[in-house]
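The values are calculated or read from the model by the stated rules, or taken from the named source; none is laboratory data. All values derive from a computational prediction rather than experimental measurement. Methodologically, a virtual Cβ is constructed for each residue, glycine included, from the backbone with ideal geometry; neighbour enumeration extends over all protein chains shown.
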There are 2 protein chains.
Amino acid sequence: MLVNWRIIGSMETMNHKPDYEKELRDAGIRITRPRRVILDILSGTEDHPDAMEIFRRAVSVDSSISLSTVYRTMKLLEERGAIHRHAFNGGPSRFEQASGVHHDHLIDIETGDVVEFRSDRIEKLQEEIARSLGYDIVHHRLELYGRKRKKA
Amino acid sequence: MLVNWRIIGSMETMNHKPDYEKELRDAGIRITRPRRVILDILSGTEDHPDAMEIFRRAVSVDSSISLSTVYRTMKLLEERGAIHRHAFNGGPSRFEQASGVHHDHLIDIETGDVVEFRSDRIEKLQEEIARSLGYDIVHHRLELYGRKRKKA
DNA sequence: GCGCCAGTTGACAAGCATTTGCAAAATTTT
DNA sequence: AAAATTTTGCAAATGCTTGTCAACTGGCGC
């Protein structure tokens, strides 16, 4: 059974290093044990956890990790553009790995679930509006808050 | 000169009570001295001040007003829909009087200035997107962060 | 106009999310 | 593997906001 664990294990437990580790290392960021744990959590999730939730998940992997380190790592990764920070509803910051394509968010006001979407037409309109106001857009934030439609 | 002061004075110093006072009173909200001061500040400004800034302006009118009261009043007015709360860039909440028409915001990342705008086409697209994802929009938040375009 | 009393206030403590100071521990450099 | 440097865990500190509570007051009823 020396072979099967690789197949059975999750992506995170497999021993080929994710490419983002190399990228970060090349950017002058040390890949320490706490950071690797946090990066694995972020890359292996579909949701948008906040610092406390990341901390909880991290502790279950390595109980010595501190909340401070989670916050420090989030700030570091955000500065490097590796993750995005959101404050839906003015609540605590929630994070997501910065994947290639930009997208906006639809937040279910009943469950807190987040659905990602993207609209080139809206993006285009935003550019036009900013331009007409004499500005260049550096970034933007579009959040739709809604509830799941009952029935059809 | 018993006549001219009315013309020269600002809207806030003129003695006809603003109609929003009556509206709030009818909604069961007592118009106290601190609240009147705060309401006057909100109705008389074009910008989007945060609690501390409102507090500073209020104190200059009535030095006995406390910061607690500013926060309490903002929460009250927000619940009643009389004002809107924004947390641009994840910073402290900034407030604006709820005027009739909905609008979105363009924030100057260099000065913090806020420009209001409105696009029916974007609103329409948002509805379409939410609908296609199976949701009804309850509210939304669109913030453009940009910098003033140099030259033409 | 005057008193009553629930609603409101100011002062200050407490709460929550996040940041920071610091000595110890881990990592990279030499 | 020792030196140089960064990162960590812990605890204390911060910034914004809400809660507590005795004192005060707006607005109705007389």
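If you scan segment B:25-45, which residues turn out to be within 11 Å of DNA strand D (Cβ to nearest atom) and in a loop (DSSP other than H, G, I, E, B)?
Of everything in segment B:25-45, those that are within 11 Å of DNA strand D (Cβ to nearest atom) and in a loop (DSSP other than H, G, I, E, B) turn out to be B:Gly28, B:Ile29, B:Arg30, B:Ile31, B:Thr32.
Identify, please: which residue in segment A:51-78 is charged (D, E, K, R) and either crowded, with 19+ Cβ neighbours inside 10 Å or more than 14 Å from every other protein chain (Cβ to nearest Cβ) (or both) and is, among those, nearest to DNA strand D (Cβ to nearest atom)?
So in segment A:51-78, the residues charged (D, E, K, R) come out as A:53, A:56-57, A:62, A:72, A:75, A:78.
Checking the rest, the ones that are also either crowded, with 19+ Cβ neighbours inside 10 Å or more than 14 Å from every other protein chain (Cβ to nearest Cβ) (or both) come to A:53, A:56-57, A:62, A:72.
Numbers: A:Glu53: 16, A:Arg56: 14, A:Arg57: 14, A:Asp62: 7, A:Arg72: 5 Å.
It comes out as A:Arg72.
Please enumerate the residues belonging to segment A:113-152 that are in contact with a Phe, Trp or Tyr (Cβ under 8 Å, 6 or more places away or on another chain) and surrounded by fewer than 13 Cβ atoms within 10 Å (Cβ to Cβ).
A:His139, A:Arg149
Select, from A:His48, A:His86, A:His102, the only residue that is within 13 Å of chain B (Cβ to nearest Cβ) and more than 16 Å from DNA strand D (Cβ to nearest atom).
Working: A:His48 fails: within 13 Å of chain B (Cβ to nearest Cβ); A:His102 fails: within 13 Å of chain B (Cβ to nearest Cβ).
None of the other options fit; the residue is A:His86.
Does segment A:98-112 contain any residue that is of a type in the set (Gly, Ala, Ser) and surrounded by 15 or more Cβ atoms within 10 Å (Cβ to Cβ)? Don't jump to the end; show me each part of the working.
So in segment A:98-112, the residues of a type in the set (Gly, Ala, Ser) come out as A:98-100, A:112.
Filter once more, keeping what is surrounded by 15 or more Cβ atoms within 10 Å (Cβ to Cβ): A:98.
Within segment A:98-112 (the criterion being of a type in the set (Gly, Ala, Ser) and surrounded by 15 or more Cβ atoms within 10 Å (Cβ to Cβ)), the answer is yes, since at least one residue qualifies.
Taking only segment A:60-83 into account, find how many residues are among the basic types (Lys, Arg) and more than 11 Å from DNA strand C (Cβ to nearest atom).
Restricting attention to segment A:60-83, the residues satisfying the condition of being among the basic types (Lys, Arg) are A:72, A:75, A:80.
Then keep just the ones that are more than 11 Å from DNA strand C (Cβ to nearest atom); that gives A:80.
Final tally of qualifying residues: 1.
Could you list all residues from segment B:116-133 that are at the interface with chain A (Cβ under 7 Å from one of its Cβ atoms) and out of contact with any Gly (no Cβ under 9 Å at 6 or more places or on another chain)? Working first, answer last.
Narrowing segment B:116-133 to residues at the interface with chain A (Cβ under 7 Å from one of its Cβ atoms): B:117, B:119, B:121-122, B:125-126, B:129-130, B:133.
Result: B:Phe117, B:Ser119, B:Arg121, B:Ile122, B:Leu125, B:Gln126, B:Ile129.
Could you list, in sequence order, the residues of segment A:40-59 that are away from DNA strand C (no atom under 12 Å from the Cβ), under 14 Å from the mean Cα position of the chain (by Cα) and of a type in the set (D, E, K, R)?
A:Asp40, A:Glu46, A:Asp47 - these are the residues of segment A:40-59 that are away from DNA strand C (no atom under 12 Å from the Cβ), under 14 Å from the mean Cα position of the chain (by Cα) and of a type in the set (D, E, K, R).
Search segment A:88-108 for residues being among the aliphatic types (A, V, I, L, M) and more than 22 Å from A:Arg36 (Cβ to Cβ), and hand back the single one that is nearest to the chain's Cα centre (by Cα). Even if it seems obvious, please write down each step before you answer.
First pass over segment A:88-108, keeping only residues among the aliphatic types (A, V, I, L, M): A:98, A:101, A:106-107.
Retained after the next criterion (residues that are more than 22 Å from A:Arg36 (Cβ to Cβ)): A:101, A:106-107.
Working: A:Val101: 13, A:Leu106: 15, A:Ile107: 15 Å.
So the residue we want is A:Val101.
Counting just the residues of segment A:133-144 that are part of a strand (DSSP E or B) and over 25 Å from A:Met74 (Cα atoms), which one comes out nearest to the chain's Cα centre (by Cα)? If you could, list the steps in order and put the result at the bottom.
At the first step, the residues of segment A:133-144 found to be part of a strand (DSSP E or B) are A:135-144.
So of that shortlist, the ones also over 25 Å from A:Met74 (Cα atoms) come out as A:135-136.
Numbers: A:Tyr135: 28, A:Asp136: 26 Å.
Ranking the candidates gives A:Asp136 first.
Quick check on B:Lys22: is it within 13 Å of DNA strand D (Cβ to nearest atom), within 14 Å of chain A (Cβ to nearest Cβ) and either at pLDDT 95 or above or in a helix (DSSP H, G or I) (or both)? Give the steps one after another, and end with the answer.
Values: within 13 Å of DNA strand D (Cβ to nearest atom): yes; within 14 Å of chain A (Cβ to nearest Cβ): no; either at pLDDT 95 or above or in a helix (DSSP H, G or I) (or both): yes.
No.
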